[in-house]
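The values are calculated or read from the model by the stated rules, or taken from the named source; none is laboratory data. Given the structure is predicted, the values throughout are model-derived calculations rather than measurements. Positions of Cβ are backbone-derived with ideal geometry, glycine not excepted, and every protein chain shown enters the neighbour counts. Side chains are part of the model used for accessible areas, which takes the heavy atoms of the whole protein and leaves out ligands, DNA and RNA. Shrake-Rupley method; radii C 1.70, N 1.55, O 1.52, S 1.80 Å.
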Amino acid sequence: MNLSTYTIRHYPTHLIDVWSMRNGTKIIARPVLPQDGPMLSDMIERASQASRIHRFHSPINGLTLARQRDMTEVDYQTHLALVLTVATSEGNRIIGEGRYVVDDTPDRHCATFALSIVDDWQQRGLGTRTMTLLMDAARGAGVRWLHGDVMQDNLAMLKLMRRVGFSCTPNRNRERLIDAEALLDNAGGRAIQPTLKRRFRSLRHFARA
């Protein structure tokens with residue numbers, strides 16, 4: 001999409017979340033904006049090779065302009081992305097991002113998710129909070145089923161997935177991947193581990209772009 005033709009419609013301000021960590025650092029989680037492209041690329045460049053592979057399933061070094069647009073020019077309905085920002089001595093930085101993309105299925109009730117926290121900020125509860133915000137947003141948008149591929153050596157992510165109520169089972173066709181999926185309970189505000197396996201076609205280009 002050409003940046004000059006992209007127009008933000010109905011920016012979901014209700015999804016903005018602000019909190020302080022124990023050391024007083026303020027974290028802002030908000031829907032992505034088109035001008036966040038360079039900051040997202042900077043986040044990827046600062047991540048370790050292992051983290052980049054875990055997020056994109058390939059050892060990319062940064063984001064091309066086309067990928068930046070794919071990740072920031074979203075409609076906030078079928079494609080929602082949340083970024084975590086923190087103020088530093090060098091200005092605001094993105095330290096994490098999570099997103100879901102509604103699958104191309106007849107009922108449009110299923111979505112693929114992706115999540116990444118930059119290495120220096122891992123193990124601080126940011127992944128859990130971001131995933132919870134993403135699940136709440138998906139639930140509010142009518143999504144009932146979230147699923148995604150997690151690499152089997154990404155133990156921290158698999159632990160997080162189980163913590164928020166996802167089932168994690170080996171992918172039948174790709175031995176290095178684990179299928180993480182959950183039903184979202186609209187009434188109880190939580191994820192339910194599925195008892196029967198279901199697979200859906202996903203927009204992998206955008207989930208990993």
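Once you've got the GNM for the chain with C-alpha springs shorter than 10 Å, pick whichever of 123, 152, 77 has the biggest mean-square fluctuation.
Looking only at 123, 152, 77, the largest GNM fluctuation is found for 123.
For residue 134, what is the net charge nearby, where nearby means another residue's Cβ is under 13 Å from its Cβ and Lys, Arg count +1, Asp, Glu -1? Don't jump to the answer; show the numbers that get you there.
Details: positive: 30, 99, 129, 139; negative: 17, 97, 136.
So the environment of residue 134 carries a net charge of +1.
Give the Rg/Rh ratio for the stretch 24-65, taking Rg as the radius of gyration of the Cα atoms and Rh as the Kirkwood radius, to two decimals.
Details: Rg = 12.0 Å, Rh = 11.6 Å.
Reported Rg/Rh (Cα atoms, Kirkwood Rh): 1.03.
Note down the net charge around residue 20, summing +1 for each Lys or Arg and -1 for each Asp or Glu among other residues with Cβ under 13 Å from its Cβ. Each step should come with its number before you reach the end.
Details: positive: 22, 26, 124, 129; negative: 17.
Cβ neighbours under 13 Å give a net charge of +3.
Which of the DSSP-defined H helices in the chain satisfy a minimum axial length of 20 Å, computed from C-alpha atoms, and a minimum mean Kyte-Doolittle hydropathy of -0.5? It would help to have the intermediate numbers written out before the result.
Values: long enough: 126-140 (21 Å, 0.23).
TM-like helix candidates: 126-140.
With no solvent and one point on each alpha carbon, what is the Debye value of log10 I(q)/I(0) for the stretch 3-109 at q = 0.11 Å⁻¹?
Values, matching the q order: -0.39.
Cα convex hull of the stretch 70-126: mean projected area in nm², to one decimal? Spell out each step's value before the answer.
On the way: hull surface 20.3 nm².
Averaging across all directions leaves 5.1 nm² for the Cα convex hull.
Using a 1.4 Å probe, what is the accessible area per residue for the stretch 60-132, in Å²?
Values: 3020 Å² over 73 residues.
On a per-residue basis, 41 Å².
Grab the beta carbon distance between residue 93 and residue 175, set R0 = 30 Å, and tell me the FRET efficiency rounded to 0.05.
On the way: r = 36 Å, r/R0 = 1.20.
For R0 = 30 Å, the calculated efficiency reads 0.25.
Given the whole protein assembly as supplied and a 1.4 Å probe, what does the accessible area of residue 110 come to in Å², nearest 10?
0 Å²
With runs of 4+ DSSP H residues as the only contributors, calculate the mean residue ellipticity of the chain at 222 nm using -39,500 (n - 2.57) per run, divided by the residue total and rounded to the nearest 500. Don't jump to the answer; show the numbers that get you there.
Values: 6 runs with 55 residues, N = 209.
Roughly -7500 deg cm²/dmol at 222 nm, from the helical runs in the chain.
Rg and Dmax of the stretch 104-179, Cα atoms, in Å?
Every Cα atom of the stretch 104-179 included, Rg and Dmax give 13.1, 41 Å.
Identify, among 88, 32, 58, the residue whose Cα sits farthest towards the positive end of the charge dipole of the chain, taking +1 on the Cβ of Lys and Arg and -1 on the Cβ of Asp and Glu, with the dipole about the Cα centre.
58
Restrict the search to the stretch 64-142; then list the GluC sites (Glu not before Pro) that DSSP places in a loop and that have at most 12 other Cβ atoms within 10 Å of their Cβ.
90
What's the carbon and sulfur percent of the chain's accessible surface, probe 1.4 angstrom, rounded to a whole number? Intermediate results must be reported in sequence, preceding the final value.
Values: 5330 of 10790 Å².
In the chain, the share of accessible area belonging to carbon and sulfur is 49 percent.
With springs only between Cα atoms under 10 Å apart, run a GNM on the chain and tell me which of 167, 41, 20 wobbles the most.
Evaluated over the chain, the most mobile residue of the options is 20.
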